Amino acid sequence: MVKPVMISMCEIKNDEPVIVGTRVELQLLTTLKCNLRCSYCVLGVGDILNSQKHASYTVDQLKAFIGTHLAGKEIYISLYGGEPTLNTRFILELMDKLPLSRFNLQTNGTLLDRVPEKILARLSNVMVSLDGGKEVTDGYRGGGVYDKVMRNVEKVRHNLSGTLTARVTWWSGETSFEELDELTRTFDYLYFQFAQDEGAYGPESVEKKKQVLSRLVERFFLGREFYPVVPLMGTVRNKVLPSRMYESAAGLSQCRVSTNLLNIMPDGKIYPCPDMMYLPELLQGDVVANWVRKSPLQPHPDMPCEGCSAFHFCRRNCMKNMHLAYVKGNDNWKKNVTEPTCDLIRFMGEEVDRYHPDLWFAKAPLSYRNKIAGAEVYEYCEVMP
Ligand code: SF4
Ligand code: SF4
């Protein structure tokens, strides 16, 4: 069970805007149940997984919360879990009662073929979680999962009105360029995030990831068609149109965790980052009690980002990694996850610079420029890896 948490009301400063900007993403953990048992699941930390079966607040309570604290903002909803397709009744009610909102589904893809067509047609984007190619994905998620997901994607394709995005958590040094490249053909977009795992960054694994990154960047700039790989699109956007990262997240972390992302647990408790709902000091609000404060996950003077060569496009990538390393003082996390991830991000930025992104963008077709500048998919993922 998740322990109850008390936040003193004097910690809530009423004069600070809760949400920066005009849009807010409500990431609803509609259930913490999941039909898979991925070996690394972050919800296993603090025994979060399976602790709350289904949303226990009502959609009317959520609407009252929105009316009180988010009036005038554009609300869009990411359906998250656990596995959100295990609670389609709640999704249908949300879609019915929040008709003006956009919806994004974050799913492991194994139950996609059972999702009602009415839901599929209403989704702006579906994010399907993978770990790379077949071997690596099945290794983490269970035998046969990769093929099952690909079959389901094929089955539901024609019922989707929105985009389909592969969300790859990049753990393994064995994940190849070819495996990632293949996903850009099956999906509309590929988003990858460097794994947050202390075992993922041995020197050999980092070196192999750099080699794959180099090939992805080369393919991005020299390929014949637009290459829809979100962290590369986002890096180019932030380099050539830096004002866009201020529009979307006030120049702070591009995952919006410091500005305009609210993760709502099934019991209505709100946290800024879905990976750290076990830390009581990060409690940000409560739908049922109808209160919310500014995200407590903010830049800290001990974080090294402002002196970093990647800061102009990275903007503190993952605040979880930064918070654990430099605020909580977790030296193992810093050495084994945060620092190697930052090394990879700096490397990726240097590779992008080798192709002169400003000159490339200046000559790119209008359709490319529009996607780089304002693809909707940026709003459904963390943009940076
Ligand atoms: S690479 Fe690391 S240190 Fe540099 S800005 Fe990004 S998160 Fe901060
Ligand atoms: S990128 Fe990091 S800080 Fe942002 S939501 Fe994901 S885990 Fe949390």
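See the values below:
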read-out	value
Yes/no for L297 being under 29 Å from E350 (Cβ atoms) and within 11 Å of ligand 2 (Cβ to nearest atom)	yes
Among residues of the range 234-271, those that are assigned to a helix (DSSP H, G or I), within 15 Å of the chain's Cα centre (by Cα) and of a type in the set (A, V, I, L, M, F, W, C), counted	1
Complete set of residues in the range 325-343 that are of a type outside the set (K, R), assigned to a helix (DSSP H, G or I) and away from ligand 2 (no atom under 14 Å from the Cβ)	D331, N332, N336, E339, P340, D343
When residues of the range 65-96 are limited to those that are more than 21 Å from the chain's Cα centre (by Cα) and more than 20 Å from R122 (Cβ to Cβ), the one surrounded by the fewest Cβ atoms within 10 Å (Cβ to Cβ)	G72
Close pairs from the range 117-133: first within 14 Å of F187 (Cα to Cα) and free of Cβ contacts under 8 Å to residues at least 60 places away in the same chain, partner of a type in the set (K, R) and not in a loop (DSSP other than H, G, I, E, B), Cβ under 6 Å, at least 6 apart	S129/R167
The range 277-298: number of residues that are part of a loop (DSSP other than H, G, I, E, B) and either surrounded by fewer than 17 Cβ atoms within 10 Å (Cβ to Cβ) or more than 16 Å from ligand 1 (Cβ to nearest atom) (or both)	13
Count of residues meeting criterion [closer than 22 Å to G162 by Cβ and not polar (S, T, N, Q)] in the range 67-82	9
Matching entry among A310, A362, A325 (being within 16 Å of ligand 1 (Cβ to nearest atom), over 30 Å from R102 (Cα atoms), of a type in the set (G, A, S) and without any contact (Cβ under 8 Å) to a residue 24 or more places away in the chain)	A325
Qualifying positions in the range 250-276 - touching a helix residue (DSSP H, G or I) at 6+ places or on another chain (Cβ under 7 Å), near ligand 2 (Cβ under 10 Å from one of its atoms) and not polar (S, T, N, Q)	R256, V257, Y271, P272, C273, D275, M276
Helices (runs of 4 or more DSSP H) contained entirely in the range 107-158, each with at least 1 residues that are within 20 Å of M95 (Cβ to Cβ) and of a type in the set (D, E)	117-122
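All of the numbers you see were taken from the coordinates with simple rules; none came from a lab. From a predicted model like this one, the values you see are computed outputs, not experimental measurements. Cβ coordinates were reconstructed from backbone atoms using ideal geometry, including for glycine residues, and neighbour counts include every protein chain displayed.
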